[in-house]
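To start, the structure itself, in C-alpha cells.
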Amino acid sequence: MIVRCGRCQTAFEVAGAGRYPCPACGTANDVRATEGAPAGGDLIAPPPPPEPDAPSPRINCNECEFSFIVGVVNEVQCPNCGVTVTVSESEGAG
C-alpha cells in the first residue's frame with residue numbers, strides 16, 4: 001500500500017496497518033484502515049500534529065526584578081511584590 005507522510009507528504013509503501021517512519025523526514029506515521037473500507041482496504045496516514053503556539057512573553061518587574069510570563073495585557077501586578085507593571089507591545093500587549 002502507498003501512503004503519504006502526514007508532515008512532508010512524501011509517498012511511501014507500507015505492508016499494512018502499523019507505525020512507520022517516513023523515509024524522507026523521519027516522522028512517525030500511524031497507518032490504519034480507512035473508516036468504512038473493507039478489511040485490507042486503503043490505508044491512510046493521520047494528519048500532522050498542529051503547529052505549536054508561540055511561547056508566552058516573559059517580563060521582569062521594574063521593582064523586584066522578578067521574571068514572569070504574561071498574556072496579552074497592558075498592565076499586570078507582579079506576583080512577587082504586587083507592583084503594577086506596564087507591558088510593552090513587544091512583550092505581549094496587543
Practice task
Compute the distance in nm between two label points, each set 7 Å from the Cα along the Cα-to-Cβ direction, one at SER88 and one at PHE66.
Solution key: 2.2
Completion exercise
Once amide hydrogens are built 1.01 Å from N within the peptide plane, the residues lying 5 or more places from VAL85 or on another chain with amide H under 5 Å from its amide H are VAL76, GLN77, CYS78
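No value in this document is a laboratory result; all are computed from the given coordinates. What you see is a predicted model; the values in this text were computed from it and never measured. A quick note on method: Cβ atoms are made from the backbone with ideal geometry, for glycine too, and the neighbour counts reach across all protein chains shown.
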